[in-house]
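Presented below is the structure to which this report refers.
The values are calculated or read from the model by the stated rules, or taken from the named source; none is laboratory data. Owing to the predicted nature of the structure, the values given are computational and were not obtained by experimental measurement. Please note: Cβ atoms are built from the backbone with ideal geometry, for glycine as well, and neighbour counts cover all protein chains shown.
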């Protein structure tokens, strides 16, 4: 009898782990996936074209809160945990529920890594919103300036048609529109496209990697949340956030990223509290004493600062950072206060539809609006919330041009940008020069 497996996920690593570990292996039978963190990704099916032989009807995706019922109904032998940016306590509660229901519980390490024929630089973090993306963009720029062709491969965000999203390549803004990407996807892809970079993503990361290798000298893995990389890294870089000091030892799988990194970047030292920076330094030294440590700032620039001073502003922030990332606010709020906003409008009173549910689910959120937009309906709710708040100015702290997604009409708006700037330790240019050598 095959081992019957249930995979707990959030439309990302769960599919990857299935593809690498279970697809085409008759000694295992994956009876389902579960879904959490992202709205409207359950009650779908992993399509048979991706699931492969033995799954003519595909694989069902259920809500995670049905865990015990699924273990009983499907006679599950093994529950595999396959998502990220959750506390160690959260993981072990799921393990306890699994064991109490009669199944075994497992986490995946190197078994799900894919080897590349090209050098791989992998950028991970200890929490969502630590600064992976600006770190990855800086690395890409340095490698490109050194004459290297770089293929950026982004952690999956396949929230739509999974078969259509099997292998995605984005080189222009028109590619994003044609693919009907979500706001979260735009937040990750648009800054690369502004650099002239090519970004790959999708569902089947073996196929994605082989396609990217055809046009690259170096593969750059830009991770999602604080997840482990999907590829075997030749240079592993982990970004740590001192605004959430201590989380680097309390969240899965961020602590694993920290402990296995070749280079640790302590980011945001220009704005984080000194006690947080010092605690992170101690924890990094204890957890990974052999790592090269770089300290960095994330300087913030504002497109039109004159639109902020003395104004009632509505701040729109990067969605995942503010929701399951646990941050009450982000760069947009910092910029608004720094430039003398008269008021940060609290969007709760104006939250339309599912956005009200977001605030209820994440009560830590401050007076900012997370850029949720996982489909046309939620994008319409985002627009309705902004218009109902009637701000003098919309401060856009999310990395995307929000006007590409929703109609802001004649509302005054300004964008906030942030990049990585090393302040102590070796520079990324020096580290990458050694790597390339």
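Considering segment 42-64 alone, what residues qualify as being assigned to a strand (DSSP E or B) and more than 19 Å from residue 202 (Cβ to Cβ)?
Matches in segment 42-64: 60, 62, 63.
In segment 358-396, which residues are part of a loop (DSSP other than H, G, I, E, B), modelled with pLDDT of 90 or more and surrounded by 15 or more Cβ atoms within 10 Å (Cβ to Cβ)?
Step one: filter segment 358-396 for residues part of a loop (DSSP other than H, G, I, E, B), giving 362-368, 371-375, 390-392.
Okay, now just the ones that are also modelled with pLDDT of 90 or more, so 362-368, 390-392.
Listed by number, the residues that qualify are 362, 365, 367, 368, 391, 392.
Output the residues belonging to segment 114-140 that are farther than 17 Å from residue 428 by Cα and more than 18 Å from the chain's Cα centre (by Cα).
Hits for segment 114-140 are 114, 115, 116, 117, 118.
Out of the helices (runs of 4 or more DSSP H) lying entirely within segment 170-221, which hold 3 or more residues that are under 18 Å from residue 160 (Cα atoms)?
The qualifying helices (runs of 4 or more DSSP H) are 173-178, 183-195.
Test residue 67 against the criterion of being assigned to a helix (DSSP H, G or I), more than 24 Å from the chain's Cα centre (by Cα), surrounded by 17 or more Cβ atoms within 10 Å (Cβ to Cβ) and assigned by TED's automatic domain parsing to the domain that holds residue 80, and give yes or no.
yes
Matching residues to (1) more than 19 Å from residue 183 (Cα to Cα); (2) under 22 Å from the mean Cα position of the chain (by Cα):
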position	(1), (2)
290	yes, no
293	yes, no
308	yes, no
314	no, no
323	no, yes
335	yes, no
339	yes, no
355	no, yes
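Would you check if there is a residue in segment 25-35 being surrounded by 14 or more Cβ atoms within 10 Å (Cβ to Cβ), in contact with a strand residue (DSSP E or B) (Cβ under 9 Å, 6 or more places away or on another chain) and modelled with pLDDT under 95?
yes
Assess whether residue 326 counts as being assigned to a loop (DSSP other than H, G, I, E, B) and closer than 26 Å to residue 123 by Cα.
Yes; evaluated as a whole, the condition is true for this residue.
Residues in segment 279-286: is at least one more than 23 Å from the chain's Cα centre (by Cα), at pLDDT 95 or above and closer than 25 Å to residue 185 by Cα?
no
All but one of (1) assigned by TED's automatic domain parsing to the domain that holds residue 225; (2) part of a helix (DSSP H, G or I); (3) under 30 Å from residue 413 (Cα atoms) hold for residue 268; state the number of the condition that does not hold.
So residue 268 meets the others, but not (2).
If the requirement is being closer than 16 Å to residue 6 by Cβ and either surrounded by fewer than 16 Cβ atoms within 10 Å (Cβ to Cβ) or touching a strand residue (DSSP E or B) at 6+ places or on another chain (Cβ under 8 Å) (or both), which of these qualifies: 57, 85, 77?
Values: 57 fails: closer than 16 Å to residue 6 by Cβ; 85 fails: closer than 16 Å to residue 6 by Cβ.
On inspection, the qualifying residue turns out to be 77.
In segment 257-301, what residues are in contact (Cβ under 8 Å) with a residue 60 or more places away in the chain and farther than 16 Å from residue 131 by Cβ?
Scanning segment 257-301 gives a single hit, 292.
State yes or no: is residue 39 at pLDDT 95 or above, surrounded by fewer than 20 Cβ atoms within 10 Å (Cβ to Cβ) and in a loop (DSSP other than H, G, I, E, B)?
Details: at pLDDT 95 or above: no; surrounded by fewer than 20 Cβ atoms within 10 Å (Cβ to Cβ): yes; in a loop (DSSP other than H, G, I, E, B): yes.
Spelling it out, it is not the case that residue 39 is at pLDDT 95 or above, surrounded by fewer than 20 Cβ atoms within 10 Å (Cβ to Cβ) and in a loop (DSSP other than H, G, I, E, B).
So is residue 351 surrounded by fewer than 23 Cβ atoms within 10 Å (Cβ to Cβ), under 25 Å from the mean Cα position of the chain (by Cα) and either at positive phi or not assigned by TED's automatic domain parsing to the domain that holds residue 227 (or both) or not? Lay out the reasoning, then the answer.
On the way: surrounded by fewer than 23 Cβ atoms within 10 Å (Cβ to Cβ): yes; under 25 Å from the mean Cα position of the chain (by Cα): yes; either at positive phi or not assigned by TED's automatic domain parsing to the domain that holds residue 227 (or both): yes.
Yes; evaluated as a whole, the condition is true for this residue.
Restricting to segment 397-413, count the residues that are more than 20 Å from residue 346 (Cβ to Cβ), under 19 Å from the mean Cα position of the chain (by Cα) and part of a helix (DSSP H, G or I).
Result for segment 397-413: 0.
Mind listing just one residue for me: the one in segment 233-251 that is surrounded by fewer than 24 Cβ atoms within 10 Å (Cβ to Cβ) and within 22 Å of residue 197 (Cβ to Cβ) and, of those, farthest from the chain's Cα centre (by Cα)?
The first filter runs over segment 233-251 and keeps only residues surrounded by fewer than 24 Cβ atoms within 10 Å (Cβ to Cβ), leaving 233-236, 243-247, 249-250.
Checking the rest, the ones that are also within 22 Å of residue 197 (Cβ to Cβ) come to 233-236.
Numbers: 233: 18, 234: 21, 235: 20, 236: 17 Å.
Restricting to residues being surrounded by fewer than 24 Cβ atoms within 10 Å (Cβ to Cβ) and within 22 Å of residue 197 (Cβ to Cβ), the top hit is 234.
Considering each of 75, 96 in turn, give the residue that is farther than 30 Å from residue 318 by Cβ and touching a residue at least 60 places away in the same chain (Cβ under 8 Å). Outline the logic, then answer.
On the way: 96 fails: touching a residue at least 60 places away in the same chain (Cβ under 8 Å).
Only one candidate passes the filter, namely 75.
Filter segment 401-419 down to the residues that are modelled with pLDDT of 90 or more and over 17 Å from residue 381 (Cβ atoms), then identify the one that is surrounded by the most Cβ atoms within 10 Å (Cβ to Cβ).
Residue satisfying both the conditions and the ranking: 416.
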